[in-house]
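Worksheet: the structure to be examined is printed underneath.
The values are calculated or read from the model by the stated rules, or taken from the named source; none is laboratory data. What you see is a predicted model, and the numbers here were worked out from it, not measured in a lab. Neighbour counts run over all protein chains shown; Cβ positions are idealised from the backbone, glycine included. With ligands, DNA and RNA removed, areas are computed over all heavy atoms of the protein, side chains included. Shrake-Rupley method; radii C 1.70, N 1.55, O 1.52, S 1.80 Å.
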Amino acid sequence: MQFISASDESLRTQGRITATADGGQLWVYPYTQARFRFTGRTLAVRLRNHWNYGDIRLGAIIDNTQYSVRIPSPAEPDMPANCAEDPETGMLTLTIADHLPTIEHEAVVFKRQDGGMHYLEFAGVLVDGDARVSAPAQAPSERRIEIYGDSVSCGERNEAVLYTGKADPDVDLSGYSNSWYSYGAIAARKLGADLRIIAQGGAPLLDGIGWFNAPDYIGMESIWNRAAYNPAISEPIMWDFHDYDPHVVVIALGQNDSHPDNFMARDYTGETAVHWRARYADFIHALRAQYPDAHIVCTTTVLEHDANWDRAIDEVVAECNDPQVTHFAYSRAGTGTPGHPRIAEDEEMARELCAYLESFGAELWER
């Protein structure tokens, strides 16, 4: 087998990525990926998995066929047949496909799940000894989108398609989380745009509430400017914003701030609700400072939540009085489903988000 390092110029990466000490890449956020072409019959990935919880799966697409390849957890006594571990380094070699036709293939390897579940150290890919690896045929996109959100933006549990429009069953569906089918990823591909998803399941806007990292809850205000943020896995790593300048920034937050106290529904004019709206405005201003030319879209999703959260966002956006900051509401915002959106509902949101962005015309992408 021939090893192609993550730093090889043939592998075109996308996402908020930092370098590791041994020359690999740290992948934290969902939809982080490497795209390339290769010849031959075999494709494998070399990685180190930093597991926190859940059924971890690596995503790949080869010639438009999607693969979901399970990464074993450290607690498992035996490696599956498609996985080998180097006992000295903890590096895994995970075979994705080994009986492909001997032609040129187009491939994408991507992170399906959020950084709450695991981090990946992506070392590179392995192909047949006589194979050729080259850059993708399509040129990099000149359109760029970044999304700040929660589990819906991650595509959490969206492959549980028989539960479309229904609450989540009380079982572990972590293996059914797939960022490729998240609304943002679908929309970005329709628009021909590069995408970074800065999202975490259970994340609210504010620290101290929500669902992520209980009982010491962490919100997006402690995630948005980091390359790594999960204290269960590592110390935080701050992010340098200079490598990416999005045309569009989507803020899809607020739904998880209702836990454990749905204060926006209970007392819209109360001190806690007023404080939240002020902090939401602060978050918009922080993003505007980093991305002064971007159009910022403030929204929620079709996951059920009280309408006062959308009202609050609309009020903050109006008070910003900034043409580059707008509020977008899905047609079924807060009413679409009691459970996590499934693929059909992600597609619904993607269509509406695309139509909204396209309403600004080509000048949205011209800079």
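Here the accessible area is traced with a 1.4 Å probe on the protein chains. For segment 144-365, carbon and sulfur cover 50 percent of it. Accessible surface calculations at 1.4 Å, restricted to protein heavy atoms, place segment 2-134 at 41 Å² per residue.
Take segment 218-338 with all the other protein chains still there, run a 1.4 Å probe, and you get 42 Å² of accessible area per residue.
Counting only DSSP H runs of at least 4 residues, each contributing -39500 (n - 2.57), and dividing by the residue count of the chain, the helix-based mean residue ellipticity at 222 nm comes to -5500 deg cm²/dmol.
Given the peptides 105-118, 145-158, arrange them by the average over their residues of other C-beta atoms within 10 Å, most packed first. Walk me through the intermediate numbers first.
Values: 105-118: 24.9, 145-158: 27.6.
Output ranking for 105-118, 145-158: 145-158, 105-118.
Annotation: the antiparallel percentage among DSSP beta bridges lying fully within the chain is about 75.
Using a 1.4 angstrom probe on the protein heavy atoms only, could you order TRP27, TRP211, TRP224, TRP51 from most to least accessible area? Each step should come with its number before you reach the end.
Working: TRP27 0, TRP211 145, TRP224 30, TRP51 95 Å².
The ordering from most to least exposed comes out as TRP211, TRP51, TRP224, TRP27.
The figure for VAL161 is an accessible area of roughly 80 square angstrom, using a 1.4 Å probe on the protein chains alone.
Taken about its Cα centre, segment 14-95 carries a charge dipole of roughly 460 debye when the Cβ of each Lys and Arg holds +1 and the Cβ of each Asp and Glu holds -1. As a ratio to 2.2 N^0.38 Å, the alpha-carbon radius of gyration for segment 144-365 is 0.96. Think of the chain as having a plus end and a minus end, set by charges on the Cβ of Lys, Arg, Asp and Glu; of TRP211, ILE233, THR326, THR326 sits farthest toward the positive end of this dipole.
Ranked by the mean number of other Cβ atoms within 10 Å of their residues, highest first, the peptides 346-353, 186-193, 59-66 fall in the order 346-353, 186-193, 59-66. Over all other residues within a Cβ to Cβ distance under 10 Å of ASP293, the charged ones net out to +1, with Lys and Arg as +1 and Asp and Glu as -1. Select from ASN52, ASN256, ASN178 the residue whose mean-square fluctuation is largest in a Gaussian network model of the chain (Cα-Cα springs shorter than 10 Å). Evaluated over the chain, the most mobile residue of the options is ASN52.
The value for segment 51-201 of Rg(Cα) / (2.2 N^0.38 Å) is 1.13.
How much of the accessible area of segment 2-134, probe 1.4 Å, is carbon plus sulfur, in whole percent?
Taking all protein chains in place, segment 2-134 shows 47 percent carbon and sulfur surface.
Between SER68 and ASP243, the modelled labels are 3.0 nm apart [label points 7 Å from Cα along Cα→Cβ].
Using the crude model of +1 on Lys and Arg Cβ and -1 on Asp and Glu Cβ, and no other charge, please compute the dipole size for the chain relative to its Cα centre, in debye to 20.
Values: 29 positive and 54 negative charges, 132 e Å.
It works out to roughly 640 debye.
Semi-axes of the equivalent ellipsoid for segment 1-122, computed as √(5λ) from the eigenvalues of its C-alpha gyration tensor and ordered from largest down, come to 21, 17, 14 Å.
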